[in-house]
Amino acid sequence: PVPSLHQGHLELIRTIRTARTQAEEREMIQKECAAIRSSFREEDNTYRCRNVAKLLYMHMLGYPAHFGQLECLKLIASQKFTDKRIGYLGAMLLLDERQDVHLLMTNCIKNDLNHSTQYVQGLALCTLGCMGSSEMCRDLAGEVEKLLKTSNSYLRKKAALCAVHVIRKVPELMEMFLPATKNLLSEKNHGVLHTSVVLLTEMCERSPDMLLHFRKLVPQLVRILKNLIMSGYSPEHDVSGISDPFLQVRILRLLRILGRSDDDSSEAMNDILAQVATNTETSKNVGNAILYETVLTIMDIKSESGLRVLAINILGRFLLNNDKNIRYVALTSLLKTVQTDHNAVQRHRSTIVDCLKDLDVSIKRRAMELSFALVNGNNIRGMMKELLYFLDSCDPEFKADCASGVFLAAEKYAPSKRWHIDTIMRVLTTAGSYVRDDSVPNLIQLITNSVEMHAYTVQRLYKALLDDISQQPLVQVSSWCIGEYGDLLVSGQCEEEEPIQVTEDEVLDVLEGLLVSNLSTPVTRGYSLTAIMKLSTRFSSVNRIKKVVSIYGSSIDVELQQRAVEYNALFKKYDHMRPALLERMPIMEKTASNGPTEIVQTNGETEPSVPDTKHPPLVTQPANQVTARSHDISVFTIDGSFFVTDDVFKNGLKIEFTFERANPNPNIAVITIHATNTTEDDMTEFVFQAAVPKTFQLQLLSPSSNIVPALNHGSVTQVIRVLNPQKQQLRMRVKLTYTHKGSPVQDLAEVNNFPPQSWQ
Amino acid sequence: MTMHFLLLFSRQGKLRLQKWFTPVPEREKKKIVRDMTTMVLGRKPRSCNFLHWKDLKIVYKKYASLYFCCGLDAEENELLALEVLHRYVELLDKYFGNVCELDIIFNFEKAYFILDEFLLGGEVQETSKQVLSRSIEASDMLQEVSVIPRSR
């Protein structure tokens, strides 16, 4: 049936739905659009409304409807409510601030904002608040502000949200709404209250001044919230026994913003937060939504520790909830708080670990992230067991991240070398194809530095290769190890487990197998060839190795070919160099990432937390004189502050240290250095640098100047703040650089004997 | 509840309602709708109702044959968003009497009118079901008269 122009849009929808194919639908729509277009051209007022409605339906199906934009404007200007309703709807769907046409709406909206019927005013407010451009907002902000002061709650609530939109579009206009906010919270009407809280929240979030101004509302907000909780059943606002959860949550959020970084406000809301936290019904989602917001607020303001523990415990209970949404939200929140409230979150560790077995993918991911955040030296064995089990069974999308996490955690907290190697082996064998590319060099470095484990490691890796050569990172690390430690392998030197019995030929079989296997990537082949070559100085079957190497001299793979040619040359022309070139790799230095506090590992142990003063610092040495010295300090106490002198005499430069405790944080020591110069020439471009061991944190404030005047005619002072939460013996490495008599000077010193009073 | 968009679509991915609370170009809207339908329809049956997409939180819930899907700022309360979606469904249900997908298809403009009384600029404007229903009823009545009367 041909769709009739005079039919309403219902008939059109019915008709279009009878189309059996996309093509049929398209044909119907094209016919209808053509008819509608001609109707628009005829300026037919009677049918404009239903035609725009039809157009909106077709637009939803995905067909273009831009030719209806102007028609929407005409509908908005009509005096019929039906027309206005569809017109505004059409404007919101078809127009946006990108089109110039939308500005034509401004005048209509302005008129309708002042209309005698509130439902028309409502349409205008809604449209403006939904899609008003910056220009429209500027033009109409005054009208919105007027309506914000009306006693008509239907309009007031809409005006408040419209104001929010105006502020979002034109932040400078925020000030003009300030007077109208005066009595917003005295409203009884929940709609107005809710939107007022939203408006206040927006203003406080955008302006620190507004935030300060509105802080005084905290008691009032607390009262409103209290009434909501304590009041009896209110049919109008009840949701499963809770009164107006939407309003409760918005108030909690505003309290959060007001209480953040303010002790007094935080204290004023302490009780109500505790009350909400303990009294809210948790059987349905709505109660948990409120609890969730409460927890977020407690964690963000300056709450007392009891309240924080309460909040974390709520999250802990959430973890046990049957509803997976609640579990997910709990894990996300715990992840946010794990840094600041680490110990409290640790208490829920076993529940968190159980979530690794959850069926929901999003929950598993959060649980994994949180689990890694909770790993420490005490729980490493137990946690790693769970995480490795997770690695075995998790979806491929997790394996790369999980493997990286395991490596990181193992590196930080491995209880023993053997455990560390075993853990790495486990990851390589179970998730070997998912580990990141940079794991291979990192692992090689780790293995190199674990000297006493070489025999064990190479044996285990060899056995793994016998099982499976498909996982490239595993194969690469194994090849490398066999190349390095093949001699230990064949001589059966393993102490950690039963030594394997294997011959040189068997080992070479395996490595050659890697070269020919089509499972091996080019990179892997490179590793294998090099490993075979290295064994020429460790094995006796040199001839076999020479043969292999010469074959690959004509390999299609350019990289392989180059290596083979070079190794061949090594055999033929540079055989005397071969032993030296292929000898065991020395211990590798870890690159110093933060200067003098990192130490060269000379014995393969994991980094000590305090620098070992016997080793020289890793600092680039300039051409000029450099010395490293330890200094003794003498102590005086004068007037209650710790006063210490230490003299660093170097070409007449003298440095004094004075100490005091910071107020109010007793963990911070405030050290001031005073630099003076007894020589006849100024010391210019003077820079003082200091470094402390890992458990400390250091903050260097700006120096008083860069020139240490000659002949003690003044000094350079600089304040150092040292945070020492673990109350460890303070040590400091000091570096001074300056220019004296035209030449650069550098002096390094270690100060180890700070008096106990300065750091205890 | 700062919502960026609210979409209703069927199990076959057919769009039944689209409300955008931020200015988005037409092409971008189409892409977002495609992404949402693909992601949501691709979820395993007993997954949680939350997803991440770009820097937004996506909250969705299935009611009969319709998926209600909204995009929120990352700091929003997802559990409350579920309550917002649920409240909208309740409002539709009250208005249409046992609402089903066909009601939304044939009376899409009514669905929008109800939504526009519930949310404004992506935020909840009225928390009482009764007040909201009365406003819709009064607005519908106004459609019956040919000239809008003065309300004051």
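Each reported figure results from applying straightforward, stated rules to the coordinates on display, with no laboratory input. Fair warning: this is a prediction, and the values are worked out from it, not measured in the lab. Please note: Cβ atoms are built from the backbone with ideal geometry, for glycine as well, and neighbour counts cover all protein chains shown.
A few notes on this one:
- Per-residue Cβ neighbour counts within 10 Å put B:20, B:53, A:480, A:419 in the sequence B:53, A:419, B:20, A:480, beginning with the fewest.
- Per-pair calculated FRET efficiency, R0 = 60 Å: residue A:721 and residue A:577 via Cβ, rounded to 0.05: 0.65
- Applying the criteria of a DSSP loop state and at most 11 other Cβ atoms within 10 Å to the trypsin sites (Lys or Arg not before Pro) of the stretch A:82-190 yields A:182, A:188.
- Inter-chain Cβ neighbour count for A:118-124, averaged per residue, equals 4 (cutoff 10 Å, partner chain atoms only).
- Loop-located GluC sites (Glu not before Pro) across the stretch B:58-101 with a Cβ neighbour count of 14 or fewer within 10 Å are B:75, with loop assigned by DSSP.
- Separation of the alpha carbons by more than 29 angstrom is noted, of A:80/B:62; A:54/A:157; A:284/A:364; A:74/B:61; A:336/A:357, for A:80/B:62; A:54/A:157; A:74/B:61.
- Full extension of the chain segment joining residue A:584 with residue A:509 gains 24.8 nm, where the gain is 0.36 nm per residue of separation less the Cα-Cα distance.
- Computed E for residue A:44/residue B:133 - FRET, C-beta separation, R0 41 angstrom, nearest 0.05: 0.75
- Per-selection metrics, chain B (Cα): Rg and Dmax in Å: 16.1, 54
- Mean Cβ neighbour count within 10 Å, used as a protection proxy, ranking A:690-696, A:301-307 highest first: A:690-696, A:301-307
- Maximal additional length on extending the residue A:229-residue A:343 stretch stands at 37.9 nm, based on 0.36 nm per residue less the C-alpha distance.
- Positive contributions from Lys and Arg (+1) and negative ones from Asp and Glu (-1), summed over other residues with Cβ under 12 Å from the Cβ of residue A:584, come out at -1.
- Average other protein chain Cβ within 10 Å of Cβ, residues A:233-246: 3
- Counting Cβ atoms of other protein chains within 10 Å of each residue's Cβ and taking the mean over peptide B:102-110 gives 4.
- Computed label-point distance, nm, for sites residue A:135 and residue A:212 using a 7 Å Cα→Cβ extension: 3.7 nm
- Residue A:707-residue B:34 pseudo-label distance in nm [points 7 Å out on the Cα-to-Cβ vector]: 6.7 nm
- FRET E, pair residue A:279, residue A:188, Förster distance 30 Å, beta-carbon r, rounded to 0.05: 0.85
- Only lysines eight or more places from residue A:547 in sequence, or on another chain, were considered; those with a Cα closer than 22 Å are A:534, A:572, A:573.
- Cα extents of the protein assembly as shown along the three principal axes, largest first (Å): 106, 80, 56
- Electrostatic tally near residue A:713: other residues with Cβ closer than 12 Å to its Cβ, Lys and Arg +1, Asp and Glu -1, net -3.
- Exposure proxy for A:228, A:461: other Cβ atoms within 10 Å of each Cβ, ordered fewest to most, give A:228, A:461.
- Ordering of A:66-75, A:464-473 by packing is A:66-75, A:464-473, highest average first (other Cβ atoms within 10 Å, averaged per residue).
- Approximating the spin labels as points 7 Å out from Cα along Cα→Cβ, the residue A:674-to-residue A:540 distance works out to 7.6 nm.
- C-alpha center-to-center spacing [the stretch B:1-75, the stretch A:449-477] in angstrom: 48 Å
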